[in-house]
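Nothing in this text is a laboratory measurement; each read-out follows from the coordinates by a stated rule. Owing to the predicted nature of the structure, the values given are computational and were not obtained by experimental measurement. Reconstructed Cβ throughout: ideal geometry from the backbone, glycine too, with neighbour counts over all protein chains shown.
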Amino acid sequence: MEQYGKYLLLALVGVIPILLFISPLFLVTINSFFAGGNFTVENYIKFLSSKMYLRSLQNSILITSITTIVIAPIGLSIVVATRKHEKVKRIVKLLTSLPLVFSSYVFCIALIYIYGRTGIVNHILSIAGLEFPISNLLYSLTGIIFANILFFLPYFIVPLFSSFEEVNPNLEEVAESLGSHGFHKFRRVIFPQILYGLLTGVLITFLLVFNQISVILALGAGRTYTLTYQLFAQYEGFQYGMANTIAVVSIAVTLLVTIIFQIVLKKSWSKK
Amino acid sequence: MREKIILMLVLLFLGVLIILPLCVVFLLSIVPRWSSVFPTSFSFEWWLAILKPKFTKVILNTLLVTAVSTLITVGYAIIASYLFAFYDFRGKEILSSLILSPTYVAGVVLALGLLTMYPLIRNTFWILMLGHFVVISPIVFRCVLSSMIKIPNNLIEASYSLGSSKANTFWRIVLPLSKQGILSGTVLSIGTNISELSVSLLLYGAGWATIPIQIYLERGWGILGIAGVLSTILILITLTTVFCVDYLGGKKP
């Protein structure tokens, strides 16, 4: 009876990801290899030979990499600067947890009104008599990366705070009493302890930015395509075969990045 | 002194970057035309426009999807966390990564999968709800599990040895002790449900647009005032739930 209940619970919990996550994605993968009822790799050849699709893959990787590379040092320095001051830390935590529950699409609309063509910043600049080339900047690749950085910075900061909270204060005190301060202390004592959390944060930020669609919906202006936006566009255009293929490519990139990171993480873990 | 300046700069930086866009969203909803640094006139014309049945239906849709999906998500998260916190079984790691991984797959990909697998419920409320469930259940599961795993095992054993049944122990010991995690999971679920766009973008059918979808559509037509009003409503709903749950969580039974 005891065992019976456990397996009932297990079946109940396990069947849901299989029904709603694994088998749909499996079906999408299978479908991407079929066109008109025959097994074929036609879709993939089309993907690899078309400049448009390759361009969106390239855009996705470019935007995501730059965003992650910029977010990591900014987030790290904000956490390092504020972690010892309880009051400030509380405010920073509150501020950064706001975007976690707000729509990134709404956020981008607000950005248009601040930094866009007729936005606040441009008006201030024009009062000062400056002609800043900011007008079209927001809709370019740079602007999209900027919006991504703003929106996903909190996603990096919040978990990083908790890995800093796990740093052993005794080790820090010992280091200080032995005359290690400032950057030296950070590099030799604290950094090794937070490295795992830091790398996990980088991976999660990368995956979140890579897989989101809202920023590009708001700022892409129908010109800049990323992989997710291309999938949406193909689906809207009834190109289901291509949509399936793009989905598989996107999953493949996600998996590849995760596996590479797992290897790096294991190395950094075993060093510790 | 130098430290204080650095702290002020950090706060200013975050404040400008994060708070400013939120204020602008609210201003958008009460400014008829915005063509200088500060808005020159205010009116509630957009707020009155929102009372049209088209928009009230969108708001009701969002509330309905959020309520149903939150209920199911939190229920599932509690059951799954109970299993993970108090039972050992083979393949535990695999199952937990299975439950958690939808967070790291693009929303449109998940939606495409659901549409391929369940074409019969296309354009209905149910597929929209399933989509929301798939994206949000990992977040809530992580939240509930982290609080349930902290319950000391000897409390559970004490309850059993005093003759309490499994169901009774679950009801009287496990649930009250993991209340904090369940409540914050509920807040997260409501917040993400309301602002969810990437999955619903493919799944919403005729008559089932939610607030974020409507904002997307309105913006496509070049009307930003309505988008401002809807965004403000979205933010207000989220903030209200955060405070309500915070209040409920703070009250001692």
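The table below lists the values:
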| quantity | calculated |
| --- | --- |
| Contour excess over end-to-end distance, with Cα ends at B:ALA206 and B:ASN123 and 0.36 nm allotted per residue | 29.2 nm |
| Residue of A:GLY129, A:GLY222, A:GLY116 that the Gaussian network model of chain A assigns the largest fluctuation, springs spanning Cα pairs under 10 Å | A:GLY129 |
| Ellipticity estimate at 222 nm from DSSP helix runs (n ≥ 4, -39,500 (n - 2.57)) divided over chain A, nearest 500 | -24500 deg cm²/dmol |
| Förster radius 25 Å - calculated FRET efficiency between A:HIS85 and B:LEU177 (Cβ-Cβ, nearest 0.05) | 0.20 |
| Fluctuation leader among B:ILE59, B:ILE190, B:ILE151 - chain B, Gaussian network, Cα springs under 10 angstrom | B:ILE151 |
| Where labels lie 7 Å past Cα in the beta-carbon direction, separation of A:ASN170 and B:LEU11 in nm | 3.5 |
| Note, ³J(HN,Hα) from phi for the range A:6-17, Karplus 6.51, -1.76, 1.60, rounded to Hz, x at Gly and Pro | 4, 6, 4, 4, 4, 5, 4, 6, x, 6, 5, x |
| Volume in Å³ per residue [convex hull over Cα atoms, computed for chain A] | 216 |
| Of every Cα-Cα pair in the range B:43-250, the percent that sits beyond 28 Å | 38 |
| Globularity ratio of the range B:4-157, using Cα Rg and 2.2 N^0.38 Å | 1.51 |
| Alpha-carbon Rg/Rh ratio, for the range B:135-253, with Rh computed the Kirkwood way | 1.16 |
| Inter-site label distance for B:ARG90 and B:ILE149 at 7 Å from Cα along Cβ, in nm | 2.3 |
| Radius 12 Å from Cβ of A:VAL167, net charge of other residues (Lys, Arg +1; Asp, Glu -1) | -1 |
| Segment A:THR142-A:ALA221, length gained on full extension (0.36 nm per residue, minus Cα span) | 27.1 nm |
| Debye log10 I(q)/I(0) for the protein assembly as shown, one point scatterer per Cα, at q = 0.07, 0.08, 0.10 Å⁻¹ | -0.43, -0.57, -0.90 |
| Fluctuation leader among B:LEU202, B:LEU98, B:LEU236 - chain B, Gaussian network, Cα springs under 10 angstrom | B:LEU98 |
| Within the range B:43-250: Cβ-based charge dipole about Cα centre, in debye rounded to nearest 20 (Lys, Arg +1; Asp, Glu -1) | 240 |
| Amide hydrogen neighbours beyond the local backbone of A:PHE34, cut-off 5 Å, H modeled | A:THR40 |
| Rg over Rh [alpha-carbon atoms, Kirkwood Rh] for the range A:18-72 | 1.15 |
| Shielding score for B:110-122, defined as the mean number of other chain Cβ atoms within 10 Å | 6 |
| Exceeding the 22 Å Cα-Cα cut-off - candidates A:LYS266/B:LYS150; A:LYS87/A:LYS185; A:LYS89/B:LYS4; B:LYS150/B:LYS179; B:LYS92/B:LYS150 | A:LYS266/B:LYS150; A:LYS87/A:LYS185 |
| Estimated translational D of the range A:74-185 in µm²/s (Stokes, Kirkwood radius over Cα pairs; 10 °C; 1.306 mPa s) | 94 |
| Zone residues, the range B:156-189, relative to B:LEU71, backbone N less than 17 Å from point 7 Å out along Cα-to-Cβ | B:186-187, B:189 |
